[in-house]
Each structure stands twice: as structure tokens, then as C-alpha cells.
Amino acid sequence: MKNRSTKIKIFSLAALWFFSLASAVGAYYATQVPTNYTMEQFLPKKHPLLKWEQESKKVFQISKTSPHVLLLSYDAQGGSRWYQRSNLERLTKLSNEISAVKGVNSVVSLGNIPAAFENKGELLVGNLGELEKNGFSAKGTLHNPLYTPNLMSKDGLHSAVFVMADENLSQDGHKSLMAKMRHLARQHSPGAKVQIGGPSAIRTQLIDLLSQEILIFVALTLLCAIVVLKIMFHGYAVVWHALFILAIANTLALGVMGLLQLSFTILSSTVPIIVTVSGLGIFTHLLVRMSEAAARPWSERMDFLMELMKEILLVVALTGLSTSVGFACLIPADVQVISDYGLAVALGVLVSSVSALILVPSLYVWVKWPIPRAFLREPKRFAYFVTRNARWLTPAFAVVTILFAVAGLKLSWTAKLFDDLPPGHSARRSTDLISKKLGGVASVDFTIGSEKAQAPWKQPAQLKKLHELAAELRQMKNVGSVLSLTDFMITGEKKVLPRSPAAVSEIHFLYGMSGESPLKQFMSSNEKWTRMAIRLPDLPADKNQATIGVITAKIQKKFPGMQVKTSGMAALVPPVNKELSKKLMWGFFEAMFGIVLVLAIAFRSLRWALVGVVPNMVPPAVLLGLLAYLQIPIKPGIAIIFAISLGLV
């Protein structure tokens, strides 16, 4: 008896020391977990749309990164307008200084974008400041689609500077760049209001927000754990015991993420919550059972504890394993962020379950067992009610579940591209203002051409049709701005297109001589393809896709013998997100198969395994109905909740 007591104490001490030291190592690796967010992280790497997106950027030499948009605004009462010569000079200097900042790839603004101008028979190419010295009227930019609303609002009060950062710039690098942009803008334009928006600004600020939210998630989860424990047990000692075990479980789970070089994303920020819920469930389950022997002597408590662990080990292990299997079904996903999330949660739940199963009995070898509140000793009432009314409760739950599932067929596919940040956040406000005043932030590119055609975009007739098409598209309600090859070729106050192939070639030559030619981004090197760059407001996904469909039809009607391909964020993200969300929402049946397999092996009965997973069908069905009823726009980040609801049952 004495030897057995000694062995129990040695094992418990060894377990406590081992997990404490392991959690210290885990805490170190947990600090190495980076926070990451990009608009493209939910896109499957092998998706055909993404393949063309990458190819089109090579063809037209477009930056792989999304821009920071520096928004400069004057007050309407002040009299200053951005087309004025002094303000153009400020924009030119500002653009040059931002270009020199470390981590900046390129800058486009009203002050440095080149254009063509014909004056007294002489053809010139240069920026607005240079052209103005040769007779160009800068006020005419208000009616020139090359400048307005791409770079300046129609009232001249707002101007946008597009800053492309280096592809490998770190989060700290982006924050430093934004701070430098603000400083330089205030220095060069002291009378203007300075804001920063656009995709990269939203990404940078959302990563910061995620880092803060993760800490809040952990704190709230622990607070909820404390409240639950105080409701269930007398005294405060049990709270400290739970916090000790949950802290170890979380540091180990996050340490595994750091060791595997996984990142915190919108999805994986929920890992601490899931790990805590899993660990707390096992902790309270064990303590409720242990309370039956809380008043007995130490030796009798140890006998009870050993018998309890033999009895409950398989049940608890299956609970943790089925949850892990449910999330592990996400690992083969084509999208890296979802695959990483499935791996992080599957391992986190396993670590949490093992930690709780070993630490709870080891800890309570040395400390006083908690006393449960009276209501926990009276479970018979609820069990008796359920058993007595099972005949109507079961059909009632089935009917409710089916009704919710049917209601869930009318889901809302109206998610926007840039609504991840809270509405009042600075980058979100700036991006909304860009959508209203400066042609939008949702980019979509239309590539038009044919491998069979011979230099079609050097033919005046084709350029005229392209120019007419651009003018037609600018009249569409949901189109913010349109930029095409012809906008760089219009010359003179009368906005005349070149009338001969030789005149077209001359303009190409002059742009090439003036420096980095912008025409490279609008005509392929083999001269067979042209790019029409369109920016849309941040529309709901269904309207976004409808608008792109109408534009595609108009292009095909105008150029019936040519191919039309779409790329850009607005063309790529909404349809792929919808496709991916559907896979995630209906893919929980794959997870269900894995859970049934585990239970069938454990129960040695397929029938009981099927009965065991029936409760798992209720949360996804109810969730589906609620999403439809509340008309919550569906995104992959929302769709992944189906995996969570399935895994935690």
C-alpha cells in the first residue's frame, strides 16, 4: 500500500514537472507565431482563375502586391484644387520622396503619370507639370479619364497616390512605410487632410487588430472558464487549478503552432478558444465525477481516482479524438490557410485533451478536491425529464433541425471585399471614400486579343473601337473608373486618337524614350493582347459578379472575333470564395465520415456509431438556418464555423 502511494506521488510529480517545463518551452515557441492576413490567402493555389491571374501580371508587368492608397483631401471652402500647378509640383516631389523610401517598388500619382500631348504639330510625352509648361491646360484633367477619377476626384478636391510596396515587405515594414507616407504627405501638403486606405492598408491594420483580438479572445475565454467553474464549484482554489491546466494546454498548443511555423490568421485566431473549451470540458467532467469521493480519506480518494480514470479514459479520449478527426479533415484542403487551420486545431485539441487527462489526476493527488454545488448532485431531474418525454422531444428536435436546414438554403452571397475591418476604422473609412470619389478599390482587368491577330492594337480602327468601348463602360452605374491603352494615346485639346499605324508607333517610341513606359501595362510584348483596367466600388459579391458579366458581354459584342479573359481582385476573389465556402459548408459530411469510422471502431458497431453522430447534425443545420435568417454574408471565414460547430459537439 505504501509503495503504491509512493508510486502515485512520484508519477504525479513527474507529470506536473514535465508539463510545466514543456509549457515553458511551448511559451517560447508561441511567441514565434506570426500574425498573417491577405485577401488572397483563401484562394486555392491550383485554381485556374489564380493561374491566369499570375500569368496576366507577368504579361503586362503588373506589380504582384496590392497598393497602399495615400488619400489627400482639400476642404471645399479653401479654394485649393489638385490640378493647380503648385499642387502638382507638391505631388511630384511627394511621389519622388516616397519612391526613395526603403521597401517601395513604385509610385503612381497625378504628379508623375506620363501622358501624350500635341501642340502646334509637335508631339510631347511627359508628366502634367512638364506638359503644362508646353501649353497643356491642367484644368482639363477634370474631364480626362486618364486622371479623373483614377487619380483625382471630379471636383479636384481629392487626390490619390498609389504606392506599391516590395513583395516581401514585413508587417513592421508596412507599418513603417505607412507612417513615413503620412509624415511626407503632411510635410509636402500641410493644408490637406491625409488618410491611407486600399488593400494593403487594410491588410496591415487588420493584422494589428488580429494581434489584439487574440489576446482579448484568450482573456475572455479564461474569464468565461472562471465564471463556469464558480457556478459549478465552491471556493476559489478550483479556479486557480483550472487556470494552471488551461495555461499549460494553451501554451503547448500555441507552441506546436510555432514549432510547425503556422501563422495566426482570421481562422487560427480561434485556436485558443477551441483548446480552452476542450480542456475545460474534460476538467469539469472529471471534477464532477471526483466530487463523489471528495469527503473520503486520501487513500480512498486515490483508489476512487484510479478506478475513475479506468472507467472514463476511453470516453474522454474518444471525445478529443473525434473532435481532432473532424478538424483534421480540413488538412487536405487546397487552400493553405484552411489546411493549416485544420492541422493547428487537430493538434491543439489532442494536446489539450492529453494535458487535461494527465494533469487533473496528477494535480489532485496533492491538493484538496473541490466541493460541487448542490444542483450538480441532482442530475436525475433532467435525465428523468428527457427519458420520460423522449417520444415527443426526439421528433420535435428532428422537425426543428429540418426546418432550420431548409431555411438555410437561402443564404446570402453578398460579402464585400473590404468589410473585414470594423466600419469606423481609419483604413476602412479611407477605402470607402476612395470607392465614392476616386473610382473604387476593387480592381478587375479585362484582357482582350487573339493569338491569330497581327498587332491589332497598333491599328487605328481597333483603337477607335476600344476607345468607344471605354466611354460606354464609364456610363455604367457600378463602374468607378476605366483605363485603357487609348487613354495614353489621345493627344491635343480635341482628344484625337492617332490616325495611322505610323502615328501609333511614334507615340509608343516617345513613351519608351521618356522612361518607364506605362504602355507596357496595357499591351503585351507580342502586341496581340491589350488590358483594360477597371475599378469598381466595393460592391456586394452578387452585384460585383453581375457587373463583371455585363462588361464581359459588352466587350465580346464589340470585339466578336477576340478572346476576353478576366483577372484582378474583383474578378478572382468573390467567385473563388463562394466556391470555397460551399465546399467548407457541405464538406462537413467528409468530417462526419471520419468521426463515424472512429466511433464504429470504438463501439464495434456501425449502428451505434451512426446513432452517436446524430447530435453532430443539429448544430450545422441550426447554424445554416440562422445565417440565412440573419442574412449574414457568407465568406470562407464564416463557412469554417461549420467545422467548429461539428468538432465541438
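Observations on the model:
- Using a cutoff of 8 angstrom between alpha carbon atoms and counting only pairs six or more residues apart, the relative contact order for the chain works out to 19 percent.
- Shape category assigned to the range 197-241 from the gyration tensor of Cα positions, a/c cut at 1.5: prolate
- Hypothetical label at S450: residues of the range 517-547 whose amide nitrogen lies under 15 Å (7 Å Cα-Cβ projection): 528-530
- With Cα atoms, 0 to 90° folded angle of helix 271-290 axis to the chain main axis: 10 degrees
- A compact globular protein would have a Cα radius of gyration near 2.2 N^0.38 Å; the ratio found for the range 1-105 is 2.31.
- Virtual spin-label span in nm between L260 and E307, 7 Å along Cα→Cβ: 4.0 nm
- Here r is the Cβ-Cβ distance between K230 and W366 and R0 is 25 Å; the resulting FRET efficiency, rounded to 0.05, is 0.65.
- The listed peptides 327-338, 626-637, ordered by packing as a protection proxy, come out as 327-338, 626-637 (highest mean of other Cβ atoms within 10 Å first).
- Applying Stokes-Einstein at 4 °C and 1.567 mPa s to the Kirkwood radius of the range 237-385, computed over alpha-carbon pairs, gives a translational diffusion coefficient of 78 µm² s⁻¹.
- Cα-based Rg of the chain normalised by 2.2 N^0.38 Å, two decimals: 1.22
- Pair Q212, A317: separation of 7 Å Cα→Cβ label points (nm): 4.5 nm
- Scattering curve values for the range 436-581, log₁₀ I(q)/I(0), Debye with Cα scatterers, q = 0.12, 0.19 Å⁻¹: -0.51, -1.17
- Linear extension gain, K520 paired with V550, 0.36 nm per residue minus alpha-carbon span: 8.1 nm
- Ordering I534, L347, L624 by the projection of their Cα atoms onto the charge dipole of the chain, which places +1 on the Cβ of Lys and Arg and -1 on the Cβ of Asp and Glu, puts L624 at the extreme positive end.
- Principal-axis analysis of the Cα atoms of the chain puts helix 460-473 at an angle of about 50° to the longest axis.
- Positive dipole terminus of the chain, leading residue within S500, G173, F404 (C-beta point charges): F404
- Amide proton proximity set for A165, modelled H, under 5 Å, gap of 5+: H68, N105
- With the convex hull constructed from alpha-carbon coordinates only, the range 518-589 shows a mean projected area of 6.8 nm² over all directions.
- The share of alpha-carbon pairs in the range 83-224 lying farther apart than 20 Å comes to 55%.
- Model label sites at A179 and L13, defined 7 Å from Cα along the beta-carbon direction, differ in position by 5.1 nm.
- Efficiency of FRET from Cβ geometry, Q563 and N3, R₀ 51 Å, rounded to 0.05: 0.05
- Length gained on full extension, Q475 to Y384: 25.8 nm, using 0.36 nm per residue less the C-alpha separation.
- Peptide ranges 537-548, 502-513 listed from the most packed, as the mean C-beta count within 10 angstrom indicates: 537-548, 502-513
- In the distance distribution for the range 186-276, Cα-Cα pairs more than 19 Å apart total 56 percent.
- Computed from Cα atoms alone, the Kirkwood hydrodynamic radius reported for the range 125-167 is 11.5 Å.
- Counting only alpha carbon atoms, the long axis of helix 390-407 and the longest principal axis of the chain meet at about 10°.
- Computed E for L626/Q336 - FRET, C-beta separation, R0 30 angstrom, nearest 0.05: 0.55
A short reminder: the numbers here are calculations on the coordinates, not readings from a lab. Source: prediction; values computed, not measured. We place every Cβ from the backbone using ideal geometry, glycine too, and count neighbours over all the protein chains shown.
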